[in-house]
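The structure under discussion appears below in the form of C-alpha cells.
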Amino acid sequence: MNAPVTSFDAVSVTLLPPVARFNLRIDPKDLSAAASAFGLTLPTKIGEGAQNGDRAAYCMGPDEWLLHAAESDQQAIVSAFDKVRATTPHSLVVISDRELTLSIKGPAAAELLSVGCPIDLSRLPIGGAKRTVFDYAQVVLIRDAEEAFRLEVWRSYMPHVQGILEIATREFAAGY
Amino acid sequence: MTKYRVKGKGRVNHAKPVSFTFDGDRFEGVEGDTVASALLANGVHLMGRSFKYHRPRGVVTAGSEEPNALIGTTRGKGQFEPNTRATMQEIYPGLKTESQNKWPSLAFDLGAINDRLYMLFSAGFYYKTFMWPRSFWDSVYEPFIRKAAGLGKAPSEVDPDSYASRYLHCDVLVVGSGPSGIAAALSAGRAGSKVVLLDEHAEMGGTLLSEPSITIDGKEAWDWLEAALAELDNLPNVTRMTRTTAMGYYHQNMIGLVQKLTDHLADAPTAAPRERMWRVRAQEVVLAQGAIERPMVFHGNDTPGIMMAGAAQTFLNRFGVLVGENPVVLTSHDSAWYSAFDMADAGANVVAIVDTRPEVPAALVQQAMKRGIDTLVGHTATGAKGRLRVKALRVNPVRHGKVGPAQMLNCDAVLVCGGWTPSLHLFSHTKGSLHWDPEAKVYLPGHKTENVHIAGAGRGLWGIAAALEDGAKAGTDAVKALGRMTGTATYEVSNDRAGTGITQKELPTDRSAGKAKAFVDFQNDVTAKDIRLAVREGMKSIEHVKRYTTNGMATDQGKLSNMNGLTIASDALGKEAPQVGLTTFRPPYTPTTFGAFAGYHKGKHFEVTRRTPIDSWAEEHGAAFEPVALWRRAWYFPQAGEDMHKAVARECKATRESVGIFDASTLGKIEVSGPDATEFMNRMYTNPWTKLGVGRARYGLLLGEDGFIRDDGVIGRMRDDLFHVTTTTGGAARVLNMMEDYLQTEWPDLKVWLTSTTEEWATIALNGPNARKLLAPFVEGADISAEAMQHMSVVECTVGGFPARLFRISFTGELGFEINVPARHGKALWEKLWAAGQQYDICPYGTETMHVLRAEKGFIIVGQDTDGTVTPLDAGIGWAIGKKKPDFVGKRSLERPDIVAPGRKQLVGLLTDDPKTVLTEGAQIVDDPNQPKPMKMIGHVTSSYWSEALGRSIAMAVVEGGFDRMDQTLYLPGESGKPITAKVTSTMFYDPAGDRLKVE
C-alpha cells in the first residue's frame, strides 16, 4: 500500500496508508465543544491547521474542518462526538474511505504539484491545508514542510491524479 | 561557406555546419540558423506559393509574423507539422522541410493558373460565384471550397509527442526581451520581485540582436546584452524563458504561454515533452512586444526577394546572411536607411535608397553619399520585374501629386519599410481600448482593464535609448504597483538610431490601379483593389471589409496587413481610420498546436475515468463497460459466444429466478445531518419525511424551482437527525450543489449540514428470490428476516465482518438488498458474496440488465424517461408528492397554468402489436399515419427493451395526453417504411401487484 509509486532525486510520490478521517461541520461558536471531543484545539482561520501527535485538524471553510486521527481511534472519536451532539449540534461524518492520500516530497515537490494545481503554492503555509483542484480532481492539499505535501484525492479520481503525476515526474527526471 | 554568408558576421556558429533538406534537396546552414536564414544563405528566397493565386513567394520577415515562408516540417513518424514559419524553425541535423501549396514543384506550379485568372477572383468571389444553380452546392461548390480552404496538409497520423502544462505565479511577467523588456526585468528583478521574462525567439535581446553597432553604458550592444542577461540569471527571483510565446492574455492577468521544448533538437530525450503550456497568474504584466514593420503596397510587391528592411538587417546582423548582393531599399521611415548602411558596410552593393517622403533628414543622405549609395527621395515604386525572384524595381518621381516617368533599378532584393505598427495584440486580448494617434497614424494603448504596463516600441516609441528608459520605468511602475519602493535605472546610449517615418496607403502609380497586383495581405492574397472594391460594394466598417475580402483573416491575423488595409479602406471611404474601426485580435497570438492546449489530456488521461472499488473484479470477469457521467460502469458480463442481447437476457433471467449481484457504488450519497435535517428534507424533496421512522427508507423525488423532475433516489433515516440520501450516478455533484445553494442562500437559519459520502461507501445490490438466503449468513447485529426487516428499511450492522448500512430496497421488483460498506472493503465483500452465491447460481449483472429489470416494473430513470420538462404528474408518480406539506422546491410551479393544462406529455407504456419488434429509443410517435406531411408528432419513446421475463418487447414513451389514451393504437416509423403499431398501456409491465417482493 505504501510502496513508492514513482520517484527520483528531486521528488517522490508515495501512496500513504489509511487514516481515520472526518468531515466536521459545526457553528464556530461551538468550537470548544468539538475541540474537547477531539482532544485538539481547532484552528479558526480557513487554511490553517493544528496538530498534536497523530491528531490533526484543518479549517476548510467557515464552519468546516477536516480531522485526521489514528485509524484505531476512529470509533472512539465517533463516540466522543455522539455524546455532545444533543447539547451541541454538529455533523461529524466519517470519510476515511472517501479519499486516498499521496505524499509528495522533495525539492521539486511544489513544482511537481504546479503541473495540475492552480493555486500559488508559495503562499500555502507549512502546517496548513487548502481545498483546491489537481487537474480535473477536487483535492485537499496539506503542506507538512517546505518540501513535503500531502494530496487527499477522492478514491475514484486517484488513478487519474497518479497517472498525471507519474508522467510529470518523468519530465522532471529527464530534466524538463 | 555558402555564398551569401558573411564571414565573421552574426551570432551563429560559423564553425558548425548543419545540413537539412528543403523539398528533398540538401542544404547547409550553421548552428543558430533558422530554416529561413539558412535558405537565404544559400541564395534561396522562394519558399512557398500563395494561398489563392499560387504566386511564388519569398520570405518577408525574420520573425513570427511571417506570412509567406510557411513550410511543412517532419521530425519523425507522425511528427509532420504544416505551416511552420521558416523564420522561427531552428535547423538541426537531419531536419526535413518542404514547401506548400504547389504542384508539381515549387518553381513550376500548375495552380498558378489562378494568377492568370485573377480578375475572376475578386473580393466577395465566393459569395458571388458559388450561388447558382442551387443543385451545384453539394456536388460541386462545397467540395471545391473545402479543397481550396486551408494552407498545408493536415497531419493524418497519431501525434506520438507528449505535451506538458504547468501553473506559474509571479509578481511581474515581462513579455518580450528587447531593450524595453530587459530593462523592465532588471528594474523589477533588482527590486526583489518574482519576475518571469520571456521571448518567442531562441535567443533573448530582440532588436539588440540586430543592432550591434550601438553602445549602452559604454559597452557594445551585445556585451551589454550578455551582462544584462547574466545579471538576470544571477537573481534567484528571475526566470528567463526562451522559445516561449505569450499566446493569450485572459482575465485578471492570466496569461497563456507556450514554450517549445524540443522542436529545435535533433535528438530529444523520449520523456521530454514537445511543448509546455504555462498558465501564468501575474500580479503585474509588462508588454514589451515591440513593433512590426509595415510592407508597402505596390504592383508586384510580393515578388520573392522583396522583403522587410528590418528583416534584412536581422538576417545580416544576427545570422550573418546577406539577403542580396544588389539590394534596393524602398522606405518611408528612417530605420531602413540604417538597414541599407549595414548592408553596404557588409559588402553589398546597395543600388539605391528610394524614399517616398518628399524630404528626409540631411544626415541620412550624407551617410548614404559617404557610402556611394544613390538616394531617390520623393519617389514611388510602381512595379517589380521578375517572377521567381525580383530582378528590378520600377520607380518614378512624384512631384505635387503627379507621378513622373519610370526608371528601372536592377537589383536582386528590395528591402521595404512602410513604417512600424506597435504590437498590441496581447493588449487587445484584454479588451483594453486603443486610441488613434493622428500624427503617427497608429493605434496606441489607451484605457487599461488589467494591471498591465506597455513599454517601448509597443507604445510608439522609437530608438534604443527611448526603449530602455521606457522599459526601466515600466518595471519600476510594476514594482510600485505591488506596493514596494524602488528607483529607476538610467541608461547611457550612444550611436542610437532614433528616427521617424510615415505610413501610407497604396503607393501612387502611373499605371492602371485597377490592374495592379498590389498585395495588402500576403497570406490571404488580398490586394488594394479588393479592399477598394469591397468599399464600393457597400462595406463601410473594417469588420465587413475584413470578412468580404478576408484581409487579416489568415493565421497571422493580419500582423502585416491590418493597418495597410485600414489605411486604404479609410481612404476609400474618405474617413479617418478610427471612424472605420479596427478589427479585434484574439488568442492565440501565433498559431498554437492542439497538443499544447490538450496537455496531458490524451490517451488514458483524456478525461477522468472514475472506477468503483469493484471495477477490477468486473474487468477480470470480462465485463463490457459503458461510461456513465465520469464513471465507467460494468454494462453486461458476456459469456463465450454471447452478444449483448443474449448476455442481458441471461442476466435478467438469472436474477429473477435466483439472485443477481450488481455494483451500485456509483450512486451519489449525501449525509444530511443536524437537528433541522427533517425540515430541510421536507423543503428539498417532494415527499414528506416527518413521519418516516428511524430505520425506514423512502423513495425521494427532487424537483427544480420550475416543478420539473431533477433527481431521485432512495433515502434512509439513520437517526432522527440523520438521513442517508442517495442520488442518481450522474446527479451526485449537481444535487449536492443544489442543496448547498438553498441551504446557504435561502435557509441559512437551518441547523443542518451536508457531506458527500459517495466514495466513502461501496454499494453492492443483491436482487432475486434467493437474495436473503445468500445474504443472511453474512449479517451480524441485525435480523433481516421478512418479518423483522420490511421492504424499504435500513439497518446498521456488519456484513461479512465489515461495518455496513444495509438497505432492503428493490429497483428490480425482486426481493432486494443494498449493502453499503466502507469503500476499501467493497471488493472483498463482493468476492465473499460471489463465492457463497455459487450455490444459488449467482449472476453478476451490469447496467443494461438493471435498466431492463426496472423498466419491466415501470421505474423511471431520471434523464432517460425525463428530460427536464417532465413533472411528477407527467411521470405518473404524483403519489410521491406530500400533499399536506406547506412547501417544497417546485411546489408553486406545479400549479402553473401550463402545468395543469390538459394535453401534457405523459409517461405511458407502449406494447408493440408484434411482440418481437423492439422500438427504437427516441422514435417519434403519431396517432394517424395517413395524415399529410409534416405530421404532428405527439411524443417519443424514452425506454425500450426486450423483456426476457415477459417474452416480448416493452417500451416507455412520453405521449400527449397519454393517460387518456390507454389501449389506443399509435404509430411509429418502421424500417421498411411501414409504420409500427403499438398500444398504450400502463408502465407496470411485470408483477403489477408487487408479489415478488414478498419472499419469505
Based on alpha-carbon atoms only, what is the radius of gyration of segment A:23-176 relative to the globular estimate 2.2 N^0.38 Å? 1.11
P(r) histogram, all alpha-carbon pairs of segment B:518-581 included - 10 Å bins from 0, percent: 27, 61, 12
Three principal axis extents, largest first, for the C-alpha atoms of segment B:378-424, in Å? 39, 35, 12
Past the 24 angstrom mark, what percentage of all C-alpha to C-alpha distances in segment B:13-128 do you count? 30
Take the alpha carbon gyration tensor of segment B:237-360, find the square roots of its eigenvalues, order them as a ≥ b ≥ c, and report rounded if a/c is under 1.5; if not, report prolate when a/b exceeds b/c, else oblate. prolate
Of every Cα-Cα pair in segment B:826-971, the percent that sits beyond 20 Å: 59
Expected vector for segment A:38-55, Karplus 3J(HN,Hα) from phi with 6.51, -1.76, 1.60 and θ = phi - 60°, integer Hz, x for Gly and Pro, equals 8, x, 7, 5, 8, x, 10, 9, 4, x, 8, x, 9, 9, 8, x, 8, 8
Excluding residues fewer than 8 places away in the same chain, name every one of the lysines whose C-alpha is closer than 25 Å to that of A:LYS45. A:LYS29, A:LYS130, B:LYS751
If I stretch the segment between B:ALA788 and B:LYS391 completely, what's the gain in nm (0.36 nm per residue apart, minus their alpha carbon distance), one decimal? 132.7 nm
Where Rh is the Kirkwood radius over Cα pairs, Rg/Rh for the protein assembly as shown: 1.06
Starting from the amide H of B:GLY700, placed 1.01 Å from N in the peptide plane, find each other amide H under 5 Å away whose residue is 5 or more places distant or on another chain. B:GLY713, B:VAL714, B:ILE715
Skipping prolines and chain starts, which residues have an amide H placed within reach, meaning under 5 Å, of the one on B:VAL174, given they are 5 or more residues away or on another chain? B:VAL196, B:LEU197, B:LEU198, B:VAL286
Excluding same-chain residues fewer than 8 positions from B:LYS480, which lysines have a Cα within less than 19 Å of its Cα? B:LYS194, B:LYS448
Net charge contributed by nearby residues that have their C-beta within less than 14 Å of B:GLY76 (K/R +1, D/E -1): -2
Amide H neighbours of A:LEU124 under 5 Å, counting only residues 5+ apart in sequence or on other chains, H built in-plane at 1.01 Å? none
For segment B:646-661, take each phi angle, set θ = phi - 60°, evaluate the Karplus expression 6.51 cos²θ - 1.76 cosθ + 1.60, and give the result in whole Hz per residue in order, putting x for glycine and proline. 5, 4, 5, 4, 5, 5, 4, 5, 4, 5, 6, 8, 9, 7, x, 10
A:ALA35 to B:PHE594: FRET efficiency via 1/(1 + (r/R0)^6), r the Cβ-Cβ distance, R0 41 Å, to the nearest 0.05? 0.20
Assuming R0 = 25 Å, can you tell me the calculated FRET efficiency for the pair B:LYS691 and B:ASP991, based on Cβ-Cβ distance, to the nearest 0.05? 0.35
What is the spin-label model distance, in nm, from B:LYS370 to B:LYS602 if the labels are put 7 Å beyond Cα along the C-beta direction? 5.5
At R0 = 60 Å, how high is the FRET efficiency between B:LYS653 and B:LYS515 if r is their beta carbon distance? Nearest 0.05 is fine. 0.15
Counting only pairs 8 or more places apart or on different chains, how many lysine pairs in segment B:844-982 have C-alpha atoms closer than 22 Å? 9
For segment B:662-842, place one equal point scatterer on every Cα, skip the solvent, and apply the Debye formula. What is log10 of I(q)/I(0) at q = 0.11 Å⁻¹? -0.47
Cα convex hull volume per residue for segment B:505-552 (Å³): 74
Report the gain in length on full extension from B:ILE502 to B:ASP217: 0.36 nm times residue separation, minus Cα-Cα distance, nm rounded to one decimal. 99.5 nm
Cα convex hull volume per residue for chain B (Å³): 228
Rounded to two decimals, what ratio of Rg to Rh does segment B:258-299 give with C-alpha atoms and a Kirkwood Rh? 1.22
Which ³J(HN,Hα) values in Hz, rounded to whole numbers, follow from the phi angles of segment B:742-750 under the Karplus curve 6.51 cos²θ - 1.76 cosθ + 1.60, where θ = phi - 60° and Gly and Pro get x? 4, 5, 7, 9, 9, 10, x, 6, 6
How long, wide and thick is segment A:19-73, going by the Cα atoms along their three principal axes, in whole angstroms, largest first? 29, 21, 17
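Bear in mind that the values in this text are calculations on the coordinates, not laboratory data. Treat the numbers as computed from the prediction; the structure is a model and nothing was measured. Heads up, the Cβs are rebuilt from the backbone with ideal geometry, glycines too, and the neighbour counts pull from every protein chain shown.
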